[in-house]
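Comments concern the structure below.
The values are calculated or read from the model by the stated rules, or taken from the named source; none is laboratory data. Everything numeric here is computed off the predicted structure, so don't read it as measured data. Don't worry about glycine lacking a Cβ; one is built from the backbone with ideal geometry, like all the others, and counts go over all protein chains shown. Side chains included, ligands, DNA and RNA excluded: accessible areas come from the protein's heavy atoms. Shrake-Rupley method; radii C 1.70, N 1.55, O 1.52, S 1.80 Å.
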Amino acid sequence: MYNLILFGPPGAGKGTQAIKIAQRYSWKHISTGDILRSEVSQGTALGLQVKAVMEGGHLVSDELLIEIINSVFLKNVDAAGFVFDGFPRTLNQAHELDKLLVSLNHSVNQVLSLEVDEGELVKRLLNRAQEQGRVDDTEEVIKNRLVQYHTHTKPLQQYYMDKGLYTEVYGVGGIDDIFESLCKAIKQ
Ligand code: AMP
């Protein structure tokens, strides 16, 4: 089982590329953002619990995220691989993911980080707000999402660098060109 983490700030293109990677390699795509948005739109107990946090651009609690990942993972233990998109986002989540994988005799195999400068990120997020109507893509919330990224998520780069798992891929340009750069970097 190959476990690939697609890493990067909001707006880096993780979702788009994760879908393409999952298709090419027949891996399971796990987007915690998509899972949470679906809970919110269905109005489940979990959805009601996380709605305001997401709309404010804050991070949902590690505890909930770890529950979600455990349950998705255990339902798909036969998968050839996973592409994690938007998870882990904190060091605590990274540690818990390691624990879960080790308990099943697996590990994180690779972390690919999409590199996009901040001006381009804001531009893309504002565009997405118009096109998809995502309530967490207003200018104020975008700023907050980027602050959350720098505070809680960016430190994961060092964590995975120290494990020799981290590679950066340039994330600006055509979707298919970026996809090919990612595939070249995948050591599978
Ligand atoms: P995304 O679509 O990945 O940008 O996620 C949208 C929102 O869902 C984030 O701004 C967070 O509120 C929440 N979320 C998604 N994944 C996580 C995570 N791993 N940890 C905490 N919150 C998350």
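A compact table of results
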{"item": "Filtered residues of the range 36-63 (kept if touching a residue at least 12 places away in the same chain (Cβ under 8 Å), near the ligand (Cβ under 8 Å from one of its atoms) and either on the phi > 0 side of the Ramachandran plot or part of a helix (DSSP H, G or I) (or both))", "result": "36, 37, 50, 54, 57, 62"}
{"item": "Flag for residue 22 being of a type outside the set (Val, Ile, Thr), over 21 Å from residue 123 (Cα atoms) and touching a residue at least 12 places away in the same chain (Cβ under 8 Å)", "result": "yes"}
{"item": "Filtered residue count, the range 147-188, keeping only those that are of a type in the set (A, V, I, L, M, F, W, C), touching a strand residue (DSSP E or B) at 6+ places or on another chain (Cβ under 9 Å) and touching a residue at least 40 places away in the same chain (Cβ under 8 Å)", "result": "8"}
{"item": "Breaking point among (1) farther than 24 Å from residue 173 by Cα; (2) open to solvent by 60 Å² or more (accessible area, probe 1.4 Å), for residue 79", "result": "(2)"}
{"item": "Candidate set from the range 1-35 (those that are assigned to a helix (DSSP H, G or I) and touching a His at 6+ places or on another chain (Cβ under 7 Å)); member that is farthest from residue 100 (Cα to Cα)", "result": "19"}
{"item": "Helices (runs of 4 or more DSSP H) wholly inside the range 82-188 containing at least 2 residues that are within 15 Å of the ligand (Cβ to nearest atom) and either among the small types (Gly, Ala, Ser) or surrounded by fewer than 19 Cβ atoms within 10 Å (Cβ to Cβ) (or both)", "result": "91-103, 118-132, 139-148"}
